Amino acid sequence: MSDWDELEALRIARTGQRIEDLFAAQADRATAFSASTQDLRLDYSKTLIDDAVRAALIGLCERTDLASRRDSMFSGAPINQTEGRAVLHTALRNLDGGPVEVDGQDVMPDVLQTLQRMRRFCDDVRSGVICGSGGTISDVVNIGIGGSDLGPAMAVRALAPYHDGPRCHFVSNVDAADIADCLRRLDPGRTLVIVASKTFTTIETMTNARTARAWMSMGGGDPLRQFAAVSTASDKTADFGIPPEQVFGFADWVGGRYSVWGPVGLALMLAIGPQAFDAFLRGGQAMDLHFQSAEWGENLPVLLALVGLWHHQVCGHATRAVLPYDQRLARLPAYLQQLEMESNGKRVAMDGAALNIASGPVVWGEPGTNGQHAFYQLIHQGTEIVPCEFLIAAQGHEPDLAHHHRLLIANCLAQSEALMRGRSLDQARAGLSGSGMQGEELERQARHRVFPGNRPSVTLIYPQLTPFMLGQIIALYEHRVFVEGVILGINSFDQWGVELGKEMATSLGPVVDGSQSAAGRNGSTMALVEFAHRHGAAD
Ligand code: F6P
């Protein structure tokens, strides 16, 4: 019997099993199905995972040789086989670790030197040594997309209480609305633009970068002094006109969606300062050490991955909701969408053979409590089961408003408990009859008030969302994606699925601007182009 067949048999054998009954049968279930680092606790007890399921899931780690795959990644082996590259974002946070070799060469001296240059640059911008034509830098605009946007945008927002530098803004979409709405509010003489692009060819980023350069020149700013670049392509940053001392390079072994730890994190470092940025790196490094040393059954990234595999690949739940009870983590779901879906949304295994199991799930979410007043209805009573991941800190950053935070915690815990317990028809009837309803009307109404319950969730809880904690959480998710990829046999580090649309957009450009005929294209596309032209697209 294959591992997946065994898991399927375990799933079937648990049909009708209630999570609450697992708690009733095992007094210490909450502890037995939780794991922690020093200050981050993962509770997966509100799922149907029991000892036998967990053992079978851990068996997947053994049989896919997870330990040696993990060690290969950390040691710089070219595990991104379709691109022939190492995967070493972990080197960017290896602050006091040993050498890391790629092709026999230690990459750490370069990593640490670039980090030091970033620190100096940030100190100079923050202290006014580097300033714009109109005075000290008040605003930073990060122009990038995908991994060159989502990581820093998510982290800058998450760490707002630690901001003591210039205001940071993020422009990603080629939609002119994005850059126009951003620049409208800024002074070109006091703005620093960071063009963040690993390849420095991405059409959205380069279009926005040229628009920002023209805006700055026209407004009396100095694009030579007020532009910085973050890229692996120093020839292209030079062609764009960015002085080399304002270019921060990194190697191709840093994947875009894993790049916030290095130069792509420049906007974050400008916002929170080099010291707090170091704490963020140290949080990531702490999770690396945990991932490398903890037993599978105590290993947070491994457990999170196994819970995900159980829910999606075994139980067939199509999506996963990430529900941070932290308004400042509003961009975390979007960040995780790229991290997880670009990494593990693949239809072939490493060797090119068709995958014989579902690839990664759809990941989505919103902060609580807002989501409660929007889509939680479906999570509680819809016909689809949506495994949920809750994130909550014990403390907020507003001590004067601690009662808000207590309410936030109560809501978060209430949701996971409500999802698990549900409400039976009898309980619904009792509630209605207590409020005076009777007879047929009571029967009819009661059915709408039933919650099936038994809906799984995991909770991550931590003392406070500090830079160190955010680093741990992001590295936790990165390694979770890695573990899922290893077990599924996927290359989590390429993204060929984004290419076809890019090629077609390039070939459609001249059709949309009217310089080329749409004839011969798909009938629907031709009709849509014709409509766009009739309504001014090519004017
Ligand atoms: O289109 C997908 C992608 O290649 C992502 O993987 C990447 O993060 C993003 O585009 C941006 O790429 P770049 O940093 O090279 O501009």
Counting other Cβ atoms within 10 Å, keep those with at most 15, restrict to DSSP loop, and tell me which trypsin sites (Lys or Arg not before Pro) in the range 1-50 are left. Arg18
Which of the trypsin sites (Lys or Arg not before Pro) found in the range 291-356 are loop residues per DSSP with 16 or fewer other Cβ atoms within 10 Å of their Cβ? Arg347
Please compute the length gained on full extension between Ser515 and Arg447, using 0.36 nm multiplied by the number of residues separating them and subtracting their Cα-Cα distance. 18.4 nm
In this structure, the FRET efficiency calculated for Val129 and Asp175 from their beta-carbon separation, with R0 = 45 Å, to the nearest 0.05, is 0.80
Defining a contact as two alpha carbons under 8 Å apart and six or more residues distant in sequence, what relative contact order in percent does the range 89-277 show? 29
How do 267-278, 514-525 rank on mean C-beta neighbours within 10 Å, highest first? 267-278, 514-525
Listed peptides 291-300, 453-462 by packing density, highest first (mean Cβ within 10 Å): 453-462, 291-300
Assuming R0 = 30 Å, can you tell me the calculated FRET efficiency for the pair Ser72 and Val498, based on Cβ-Cβ distance, to the nearest 0.05? 0.75
Simple spin-label estimate for Asn370/Leu112, 7 Å along Cα→Cβ, in nm, reads 4.2
Leaving out same-chain residues fewer than 8 places away, which aspartates and glutamates sit with a Cα under 16 Å from that of Lys502? Asp175, Glu204, Glu342, Asp494
Report, for the chain, the % of DSSP beta bridges that are antiparallel, rounded to 5. 30
Could you work out the local net charge near Lys502, counting Lys and Arg as +1, Asp and Glu as -1, over the other residues with Cβ closer than 14 Å to its Cβ? -4
Given the candidates Pro99, Ala251, Gly514, the one whose Cα lies deepest towards the positive end of the charge dipole of the chain, counting +1 at each Lys or Arg C-beta and -1 at each Asp or Glu C-beta, is Gly514
How many angstrom separate the Cα center of the range 224-291 from the Cα center of the range 88-125? 10
Between rounded, prolate and oblate, where does the chain land on the alpha carbon gyration tensor, with a ≥ b ≥ c its root eigenvalues, rounded for a/c under 1.5, else prolate if a/b exceeds b/c? prolate
Once R0 is set to 60 Å, what does the formula 1/(1 + (r/R0)^6) return for the Cβ-Cβ distance between Leu289 and Asp222, expressed as a FRET efficiency to the nearest 0.05? 0.85
I want to check the label-to-label distance for Ile409 and Thr506. Put each point 7 Å from Cα in the C-beta direction and report it in nm to one decimal. 5.4
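None of the figures in this text is laboratory data; all of them are computed from the coordinates on show. All values reported here derive from a predicted model rather than from experimental measurement. Cβ: placed from backbone, ideal geometry, glycine included. Neighbour counts: every protein chain shown.
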